[in-house]
Amino acid sequence: MPSFKARALVAPAPAEPFVLENFTINTDNIPAGQALVRFIASGICHTDISAWSGLFGPMIPSPAVFGHEGSGIVEWLPADYAGPLQVGDKVMASFTRCQACSFCKAGQLSGCHVFTPKNLACYDERMQQQTIKLDSGVDVVVGFFGQSSFASHMPCHFQSLVKVDADTALPPVTAFGCGIITGFSTALSLMPSHTPRSFEQLRSLMSLNGETLQRDGVEADATPQTLAVFGIGCVGAGSLVFASKVASKQIPVVIAVDIDDARLALATKLGATHTINSAGLSSDEVAAKVRELSHGGTGATMVVEASGVPACVETGIKALGHRGRLAIVGAPAPGSSIPVDVFNLLNNQQTIRGVMMGDSDPLIILPLLLKLHKQSPWMQHLVQEYKPENMAQALKDAKAGTTIKPVLVW
Ligand SMILES: [Zn+2]
Ligand SMILES: [Zn+2]
């Protein structure tokens with residue numbers, strides 16, 4: 001019966017300082033469907049801070065261990081495990097899902113019917129909240145995004161884990177599991193499709209062959225794209241990386257919008273072709289600037305709203321051009337609303353959608369991101385490492401904006 005001595009940063013109650021606590025993991029008590037991971041690094045994401053601060057309300061358990069950008073080594077697997085992982089493998093953790101609902105089965109992983117209960121409210125396979133017992137005797141909820149990686153060791157849902165190359169240096173890239181994959185894949189999801197989606201739907205519904213639904217003279221959409229990214233944090237950086245490293249031919253204009261000049265300078269390093277400091281500008285002024293800078297001056301075709309500020313969604317919609325597509329990625333407080341000109345939305349045939357985790361499949365996107373990063377790294381511009389003992393300083397620096405991506409190194 002192997003047991004492991006571990007440490008975790010426990011959030012005792014909403015907005016109360018994290019406390020580094022000791023606990024012991026007995027592998028006999030790890031629920032089915034989970035591996036034990038020894039974390040090397042865990043990024044601190046804005047969602048961790050929102051969950052801890054109470055922004056999401058009572059659905060977030062307390063006391064709890066947060067953290068959902070973990071990476072480390074598989075320490076233990078159940079005897080009956082038959083998947084791709086082995087003890088000693090390096091892994092990155094992303095998000096968990098039920099594997100049984102229609103969205104999971106269709107590969108729309110972040111669309112899982114129980115995405116929020118499982119990832120934010122920490123429900124496990126049995127749809128119960130899983131706990132660990134601290135050495136002090138207190139029970140603490142774990143399983144945040146199937147990982148609760150603000151810890152030296154933690155049982156993790158198999159679905160949350162992706163094996164990576166043994167030579168991967170984990171602390172710099174640990175934020176790929178949420179922030180970067182979200183920004184990167186969201187931008188990917190906003191690209192124009194090459195055939196009308198309705199054709200694809202009809203084809204599968206009616207079992208037709210390709211020719212039946214093609215019309216002569218129809219070409220792939222070659223409209224030069226304009227991507228505007230609101231909020232240059234880790235998610236915004238991921239969107240810029242997508243545009244500059246994967247789709248620079250298709251997206252000749254990339255506009256970064258933020259209120260901080262240092263972040264805009266970073267955006268330029270990451271491939272933004274234009275920047276707008278929106279401090280002191282009205283929503284209409286910012287939207288007009290985006291439209292002016294856009295390809296052909298016709299407005300953005302793709303907008304990623306990563307600031308979490310509802311007013312930026314409003315500005316982003318105003319900045320959209322004909323058939324423009326906007327993704328809401330930054331999380332505001334529940335109940336937030338904005339005014340929208342519904343006629344304009346219809347008349348310009350625009351799309352506004354909420355996107356969770358970039359609508360991504362981490363098994364496909366994480367290895368691709370690691371490959372891109374190996375070719376020409378960018379995380380050195382974002383990451384600041386902290387010891388777990390210095391969590392308060394990490395949070396302070398993140399709040400002040402002096403650190404874009406604080407990473408705890410265990
Ligand atoms: Zn599901
Ligand atoms: Zn996150």
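In region 1-122, taking the dipole from charged Cβ atoms about the Cα centre, the farthest positive-side position among Leu77, Ala100, Ile44 is held by Ala100. Within region 1-73, the percentage of alpha carbon pairs spaced more than 22 angstrom apart rounds to 30%.
Summing Lys, Arg as +1 and Asp, Glu as -1, what charge do residues with Cβ under 14 Å from the Cβ of Lys245 carry, Lys245 excluded? Kindly include the intermediate steps, with their values, before the conclusion.
Values: positive: Lys249, Lys269, Lys371, Lys374; negative: none.
Result for the neighbourhood of Lys245: +4.
Under the convention that each Lys and Arg Cβ holds +1 and each Asp and Glu Cβ holds -1, the size of the dipole of the chain around its Cα centre is about 380 debye.
Note on region 182-357: with charges restricted to the Cβ of Lys and Arg (+1) and Asp and Glu (-1), its dipole about the Cα centre is near 300 debye.
Expressed as a whole percent, the accessible surface of region 182-357 that belongs to carbon and sulfur atoms is 55, based on a 1.4 Å probe. Taking packing as the residue-averaged number of other Cβ atoms within 10 angstrom, the listed peptides 3-12, 336-345 run from highest to lowest as 3-12, 336-345. With both labels modelled 7 Å from their Cα along Cα-to-Cβ, the Gln393 to Ile364 distance reads 4.2 nm. Output the 0 to 90 degree angle, nearest 10, between the alpha-carbon long axis of helix 391-400 and the longest principal axis computed from the alpha carbons of the chain. Helix 391-400 and the main axis of the chain meet at about 10 degrees. Averaging Cα coordinates gives a centre for region 62-126 and one for region 272-320; these two points are 36 Å apart. Backbone phi angles across region 131-147, fed through the Karplus curve with coefficients 6.51, -1.76 and 1.60 (θ = phi - 60°), yield HN-Hα couplings of 10, 10, 9, 5, 4, 6, x, 7, 8, 10, 6, 10, x, 4, 6, x, 8 Hz in residue order; Gly and Pro are listed as x.
Shown are Leu363, Leu77, Leu227, whose ranking by accessible area with a 1.4 Å probe and every protein chain present, most to least, is Leu363, Leu77, Leu227. Here's the list of lysines a cross-link from Lys245 could span, going by alpha-carbon distance under 24 Å and ignoring same-chain residues fewer than 8 apart: Lys163, Lys269, Lys371, Lys374, Lys405.
Please work out the average accessible area per residue across the chain, using the 1.4 Å probe convention, and give it in Å². Write down the numbers at each step before the final one.
Values: 18290 Å² over 410 residues.
Value returned for the chain: 45 Å² of accessible area per residue.
Loop-resident trypsin sites (Lys or Arg not before Pro) (DSSP state other than H, G, I, E or B) in region 221-295 with no more than 13 further Cβ atoms inside 10 Å of their Cβ: Lys249.
The angle separating the long axis of helix 179-189 from the principal Cα axis of greatest extent in the chain is about 30 degrees.
The smallest convex shape that holds all Cα atoms of the chain, its convex hull, gives 151 Å³ per residue.
Relative to the dominant Cα principal axis of the chain, helix 197-206 is inclined by about 70°. Charges were assigned to the Cβ only: +1 to each Lys and Arg, -1 to each Asp and Glu. The resulting dipole of region 21-123 about its Cα centre is roughly 320 debye. Note on the chain: dipole from Cβ charges, positive end direction compared against Asn277, Gly33, Leu320; the farthest Cα belongs to Leu320. Summarising the amide proton neighbourhood of Gln384: residues at separation of 5 or more, or on other chains, whose placed amide H is nearer than 5 Å comprise Lys405, Val407. Every helix of 4 or more DSSP H residues in the chain counts as -39500 (n - 2.57), and over all residues that averages to -7500 deg cm²/dmol at 222 nm.
With a 10 Å radius around each residue's Cβ, average the other Cβ atoms per peptide and rank 58-67, 28-37, highest first.
Those peptides, ordered most packed to least, come out 58-67, 28-37.
Sort region 265-316 into rounded, prolate or oblate with this rule: let a ≥ b ≥ c be the square roots of the eigenvalues of the Cα gyration tensor; rounded if a/c is under 1.5, and if a/c is not under 1.5, prolate when a/b is larger than b/c, oblate otherwise. Taking the square roots of the gyration eigenvalues as a ≥ b ≥ c, region 265-316 is rounded.
Please work out the FRET efficiency for the pair Ser337 and Met59, using the Cβ-Cβ distance as r and a Förster radius of 22 Å; give the result to the nearest 0.05. Each step should come with its number before you reach the end.
Details: r = 20 Å, r/R0 = 0.89.
Efficiency for this residue pair is about 0.65.
The values are calculated or read from the model by the stated rules, or taken from the named source; none is laboratory data. The structure displayed is predicted, hence computed values, not measured ones. With ideal geometry, Cβ positions are generated from the backbone for all residues, glycine too; neighbour counts draw on all protein chains shown. Quick note on the areas: whole protein, heavy atoms, side chains included, nothing else; ligands and nucleic acids left out. Shrake-Rupley method; radii C 1.70, N 1.55, O 1.52, S 1.80 Å.
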